[in-house]
Amino acid sequence: MKVVIAEKPSMGKDIARVIGATSGHDGYMEGNSYKVTWAYGHLVELAHKTATNKWANDPLPLSGDFILRPKPDVAKQINVIKTLFSEADEIIVATDAGREGELIFRYLYYYLECKKPFRRLWISSLTNEAIKKGFDELKSGREFDNLYFAAKARSESDWLVGVNATRALTLTVNNGEVFSLGRVQTPTLAVICKRYLDNKNFISEPFWSVFLETEKNGIAFKARYGANFKAKSEAEAIRDSITNLPEVLVKTVETKEKKEAPPLLYDLTGLQKAASKKYGITPDVTLKICQSLYENKYLSYPRTGSCYIPDDVFATVPNLIKQCKMLNITNTNTSFYDTNPTFSKNCVNASKVADHHGLLPTDNIPDLEKLAKAECSIYKMVVCRLFEAFHERCIKDVTNVVITAGGYDFNAKGIVIKQAGWREVVKLSSKEREEENEENAASETEEEGVNLPVLLAGENLPNKGIEMKEGKTKPSPLFTDATLLGYMETAGKECVDEHEREAMKDCGIGTPATRDAIISNLLDKLYIIREKKKLIPTEKALEVYNIIKEKAIGSAAMTGNWEKQLLDIQKGSLSYDKFMYDIEEFAKQLTSELSTVQVNIKSQKQAMRELMPLCPKCKKQHLRLFEKGIGCNKECGFVAWRSVAQKKLTDAQLIALIEKEKTPVIKGFTSKTGKQFDARVVLKPDLTTGFEFDNKK
């Protein structure tokens, strides 16, 4: 009898139906010589033999003396699995085909001290065809030992670095708060804080640009002098020397054809970045949506770091495109595929596919009207990228013109699109096109072109005027979800050290499957907050950054190098033991450093109390926020209630009420007659509250 173990009940039941195990039992399905059971994600977790909840009593550093223990409230399902494993002739592992899915099974397998042989179901989608094919091509479980060792090393190193560093700093600060640090979390926090401080402390400086305007055959255009000037007088000198010239000379005209390959398929990080920019969907939500679409058989395995597919998957692309065309997604042009039998192979490269290929829709096409709005948006993005990725190239003529006047050279660039290719698939709105152009100009990845007439070298053109424009230097913008994901993905590019940069060229901070969780973790721990789309560090985060900014735990290069080593373990080129030895040595050094830092950090509660306004009644005590309002804890008894006319005031609105004696206009109050109205809440002279209306009624 064969026992199949899946990662979740829904996935287990899907597999059971395909292989004929249709008889339901408590915790498993049975039939056709199979019993199919399931976990609920991690049923077993990593723990330490000697660590206690009394941090001050545990000597640091804690070493890698680990045990496995069941998570709370899962004993019943573990017992079901234990019984089935004991009865099995063979176990088939059907957890997610990735590092964490492997760890879910192995931790459970070793916790139960199971010795039964096991094979691996390794599939990239949950369609019936993929499951059937996967069962026909089951792999030896031992082929994935290195994947398990990489997963085990990740789990244990996160525990060792995180727990030792967190305890050491928390005990050193000793202000009643926990100061959480982590192997991946802390370098990510460090780059957010550094960018914020650089932005905040940036001193903007003016500069001047000079433009020459001319025309031919009724087509006017501008050419720009190559350099900006810090001194206004230098720009004025060029302007004044050219202003009275009647003509300018076309010095050179150079036209080159540029062929722009179609974009690659999305990997998870690429999709998260795009969804954040286009729809404001946060990375963690994007992953949840992708996982749901995967479990409903609409999408291939989402936790992928590859943008490529192998040849056997490419063979399915024509039929996949044919089916996806029937969705008739608005704002897309797929007429190319009606007559063209050729497909671009730009993203076909088996050597660049690791565990899973780039994101693709499956041939199980959903009814878009039945998907939730965000699900539909994400699904359409993947489908549109499918259409783009296998389309033909975009071909442009790029013309560079040099115009000379008074001994100064001015440059103009024009672009003529000869073949739109993949760029005609998605029809962008004018606003989206404008945003894309701004982004491309900022990143210097795309030429910014003007409409040029046909020009010949050596010809004279009329001087239509010289223009000076003043600009100001700008700091690097604050991180958003999208730009932070991009930084985490390519962190190695910013390493100054050549060896570090080379070590990190194929990895960054975290992995595609974990980067959203890192950002969510920083938000949950109140290290960062979202203001619109921007990620802003809190005061507590900046205090932590001040402590760790010169230490290795705050280094993106170090955590990126660790990610590379985990990949090396997975490939078999580095041993688990060597990696963990280095991690334990690092934990010892880090613990020693953090146990001796000199810090005097106020607790968040204390800092908050000191920032609160004084009581307007007794004028002695700082007010306190609480669930039902804001008030004084002295005997004066002042209080302003949070709930006003069926509307709850926020903390900021309550503080404004005290400090400014009125709030901003608040929308959505409800009168006693049930009518909605907008108003300011004001603090009256007798310290009761009332309303103020803009129309003074």
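The values are calculated or read from the model by the stated rules, or taken from the named source; none is laboratory data. Computed from a predicted structure; not experimentally measured. Please note: Cβ atoms are built from the backbone with ideal geometry, for glycine as well, and neighbour counts cover all protein chains shown.
Report yes if some residue within the range 108-117 is surrounded by fewer than 18 Cβ atoms within 10 Å (Cβ to Cβ) and under 25 Å from residue 564 (Cα atoms); otherwise report no. Scanning the range 108-117 turns up no residue that is surrounded by fewer than 18 Cβ atoms within 10 Å (Cβ to Cβ) and under 25 Å from residue 564 (Cα atoms). Return the pair list, or none, for Cβ contacts closer than 7 Å from residues in the range 652-667 that are at positive phi to residues that are buried (at least 17 other Cβ atoms within 10 Å of the Cβ) and not charged (D, E, K, R), at least 6 apart or on different chains. Final answer for the pair search is 661/683. Only a single item in (1) touching a helix residue (DSSP H, G or I) at 6+ places or on another chain (Cβ under 9 Å); (2) surrounded by 15 or more Cβ atoms within 10 Å (Cβ to Cβ); (3) modelled with pLDDT under 95 is not met by residue 608, and it is number (1). Screening residue 261 on (1) under 26 Å from the mean Cα position of the chain (by Cα); (2) more than 30 Å from residue 455 (Cα to Cα) shows it passes everything except condition (2).
Scanning the range 550-564 for residues that are in contact with a helix residue (DSSP H, G or I) (Cβ under 8 Å, 6 or more places away or on another chain) and assigned to a loop (DSSP other than H, G, I, E, B) returns 551, 555. Could you please give the count of residues in the range 250-281 that are buried (at least 19 other Cβ atoms within 10 Å of the Cβ), outside any helix (DSSP H, G or I) and in contact with a helix residue (DSSP H, G or I) (Cβ under 8 Å, 6 or more places away or on another chain)? So the answer is 5. For the range 282-312, residues that are in contact with a Leu (Cβ under 8 Å, 6 or more places away or on another chain) and assigned to a helix (DSSP H, G or I) total 7. In the range 274-288, the residues that are acidic (Asp, Glu) reach residues that are surrounded by 20 or more Cβ atoms within 10 Å (Cβ to Cβ) with C-beta atoms within less than 6 angstrom, at least six apart or across chains, in these pairs: 284/516.
Filter the range 6-56 down to residues that are part of a strand (DSSP E or B) and over 31 Å from the mean Cα position of the chain (by Cα), then give me how many there are. Residues flagged as part of a strand (DSSP E or B) and over 31 Å from the mean Cα position of the chain (by Cα) within the range 6-56 amount to 12. So which of 360, 386 is of a type outside the set (Ser, Thr, Tyr), modelled with pLDDT of 95 or more and in contact with a Pro (Cβ under 7 Å, 6 or more places away or on another chain)? Of 360, 386, the one residue that is of a type outside the set (Ser, Thr, Tyr), modelled with pLDDT of 95 or more and in contact with a Pro (Cβ under 7 Å, 6 or more places away or on another chain) is 386.
Matching residues to (1) among the small types (Gly, Ala, Ser); (2) assigned to a helix (DSSP H, G or I); (3) in contact with a helix residue (DSSP H, G or I) (Cβ under 8 Å, 6 or more places away or on another chain):
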| residue | (1), (2), (3) |
| --- | --- |
| 114 | no, no, yes |
| 124 | yes, no, yes |
| 142 | no, yes, no |
| 145 | no, yes, no |
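Among residues of the range 155-182 being within 24 Å of the chain's Cα centre (by Cα) and surrounded by 24 or more Cβ atoms within 10 Å (Cβ to Cβ), the one that is modelled with the lowest pLDDT is 179. The set of residues in the range 188-217 being over 13 Å from residue 469 (Cβ atoms) and assigned to a strand (DSSP E or B) consists of 214, 215, 216.
Only one of 363, 355 is under 30 Å from residue 148 (Cβ atoms) and either in contact (Cβ under 8 Å) with a residue 12 or more places away in the chain or of a type in the set (Phe, Trp, Tyr) (or both). Can you tell me which? Criteria check complete, one pass: 355. Inside the range 155-177, residues that are assigned to a helix (DSSP H, G or I) and either of a type in the set (D, E, K, R) or without any contact (Cβ under 8 Å) to a residue 24 or more places away in the chain (or both) make up a count of 5. Residue count for the range 565-577, restricted to those that are in contact with a helix residue (DSSP H, G or I) (Cβ under 6 Å, 6 or more places away or on another chain) and either buried (at least 17 other Cβ atoms within 10 Å of the Cβ) or free of Cβ contacts under 8 Å to residues at least 12 places away in the same chain (or both): 6. Total residues in the range 49-74 satisfying the condition of being touching a residue at least 60 places away in the same chain (Cβ under 8 Å) and not hydroxyl-bearing (Ser, Thr, Tyr): the figure is 9.
Take the residues of the range 330-361 that are among the charged types (D, E, K, R) and not in a loop (DSSP other than H, G, I, E, B): which is farthest from the chain's Cα centre (by Cα)? So the residue we want is 338. Scan the range 530-549 for residues that are modelled with pLDDT of 90 or more and in a strand (DSSP E or B) and the total you get is 4. With surrounded by fewer than 19 Cβ atoms within 10 Å (Cβ to Cβ) and either at pLDDT below 90 or more than 30 Å from residue 412 (Cα to Cα) (or both) as the only criterion, which of 436, 459 stands out? Testing whether each residue is surrounded by fewer than 19 Cβ atoms within 10 Å (Cβ to Cβ) and either at pLDDT below 90 or more than 30 Å from residue 412 (Cα to Cα) (or both) leaves just 436. Taking the range 218-246 only, how many residues are touching a helix residue (DSSP H, G or I) at 6+ places or on another chain (Cβ under 6 Å) and outside any strand (DSSP E or B)? Adding up the residues that qualify gives 0. Pairs, please: C-beta under 8 Å, at least 6 apart or cross-chain, first residue under 18 Å from residue 344 (Cβ atoms) and in the range 416-429, second among the hydroxyl-bearing types (Ser, Thr, Tyr) and in a strand (DSSP E or B)? So the pair list comes out as 425/332; 426/332. Within the set 578, 551, the sole residue that is assigned by TED's automatic domain parsing to the domain that holds residue 525 and either β-branched (Val, Ile, Thr) or in contact with an Asp or Glu (Cβ under 7 Å, 6 or more places away or on another chain) (or both) turns out to be 551. As a summary of the residue check, residue 20 satisfies the conditions (1) touching a residue at least 40 places away in the same chain (Cβ under 8 Å); (2) under 20 Å from residue 88 (Cβ atoms); (3) out of contact with any Asp or Glu (no Cβ under 8 Å at 6 or more places or on another chain) except for the one numbered (1). Taken together, the residues in the range 378-406 that are under 30 Å from residue 223 (Cα atoms) and surrounded by 18 or more Cβ atoms within 10 Å (Cβ to Cβ) amount to 6.
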